[in-house]
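Structure provided below as structure tokens; questions to follow.
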């Protein structure tokens, strides 16, 4: 089995992170993997911000009350919608998967964090987030990733529902 398939089959969502900082270079590589994900008709409707600075991570977490939703991760990646596009949800999923696999391939742990989307897109919080990230206008947060080094043991895989899956 090749390295790509090994990464796909061994990656797990992690919900407990060490305080150890993730390097800006690693976060940049992970963001680049997201940028290279396919998009419908190559429209590229998304933009991705990686947050590796300890102070900026804290600021972003504080906007939604401390950010316990990020499980103590020392880095955060956020995917925003650049413009309205019928396929931006699907495009975002492809970018997220690329970044989750890239983080795993670099020896980092990650968790796809969907629940903060509504918290950050609340008008008051959105204005604070855009200011914290240095953005000149308001954008919609699509998804985010908690990123860091696992604290404890790697989770075991959950059983997969393969009912109906088949190759014929």
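Give region 5-16 a look and list any residue that's touching a helix residue (DSSP H, G or I) at 6+ places or on another chain (Cβ under 7 Å) and either more than 15 Å from residue 110 (Cβ to Cβ) or buried (at least 16 other Cβ atoms within 10 Å of the Cβ) (or both), or say none.
Within region 5-16, just 11 meets the criteria.
Please find, within region 62-72, the residue that is surrounded by the most Cβ atoms within 10 Å (Cβ to Cβ) out of those that are part of a loop (DSSP other than H, G, I, E, B) and touching a helix residue (DSSP H, G or I) at 6+ places or on another chain (Cβ under 7 Å).
By that ranking, first place goes to 67.
Which ones in region 73-122 are under 14 Å from the mean Cα position of the chain (by Cα) and part of a loop (DSSP other than H, G, I, E, B)?
Selection gives 73, 74, 108, 114, 115.
Looking at (1) in contact with a strand residue (DSSP E or B) (Cβ under 8 Å, 6 or more places away or on another chain); (2) under 20 Å from residue 56 (Cα atoms); (3) part of a loop (DSSP other than H, G, I, E, B), which is the only condition residue 136 fails?
Condition (1) is where residue 136 drops out.
Tell me yes or no: at least one residue of region 46-53 is surrounded by 13 or more Cβ atoms within 10 Å (Cβ to Cβ), at pLDDT 95 or above, in contact with a helix residue (DSSP H, G or I) (Cβ under 7 Å, 6 or more places away or on another chain) and in a loop (DSSP other than H, G, I, E, B).
Checked region 46-53: at least one residue is surrounded by 13 or more Cβ atoms within 10 Å (Cβ to Cβ), at pLDDT 95 or above, in contact with a helix residue (DSSP H, G or I) (Cβ under 7 Å, 6 or more places away or on another chain) and in a loop (DSSP other than H, G, I, E, B).
Another question about this same structure. Considering every residue within region 17-27, establish whether at least one is in a helix (DSSP H, G or I), modelled with pLDDT of 95 or more, surrounded by 15 or more Cβ atoms within 10 Å (Cβ to Cβ) and touching a strand residue (DSSP E or B) at 6+ places or on another chain (Cβ under 6 Å).
Looking through region 17-27, at least one residue is in a helix (DSSP H, G or I), modelled with pLDDT of 95 or more, surrounded by 15 or more Cβ atoms within 10 Å (Cβ to Cβ) and touching a strand residue (DSSP E or B) at 6+ places or on another chain (Cβ under 6 Å).
Check region 148-167 and report whether any residue there is under 24 Å from residue 40 (Cβ atoms) and either modelled with pLDDT of 90 or more or touching a strand residue (DSSP E or B) at 6+ places or on another chain (Cβ under 8 Å) (or both). Before you say what the answer is, go through the steps one by one.
Let us first name the residues in region 148-167 that are under 24 Å from residue 40 (Cβ atoms), namely none.
The answer is no; no qualifying residue exists.
Here's a follow-up. Does residue 132 satisfy the condition of being in contact with a helix residue (DSSP H, G or I) (Cβ under 6 Å, 6 or more places away or on another chain), touching a residue at least 40 places away in the same chain (Cβ under 8 Å) and under 16 Å from residue 22 (Cα atoms)?
no
The values are calculated or read from the model by the stated rules, or taken from the named source; none is laboratory data. On a predicted model such as this, the values are computed, not experimentally measured, just so you know. A quick note on method: Cβ atoms are made from the backbone with ideal geometry, for glycine too, and the neighbour counts reach across all protein chains shown.
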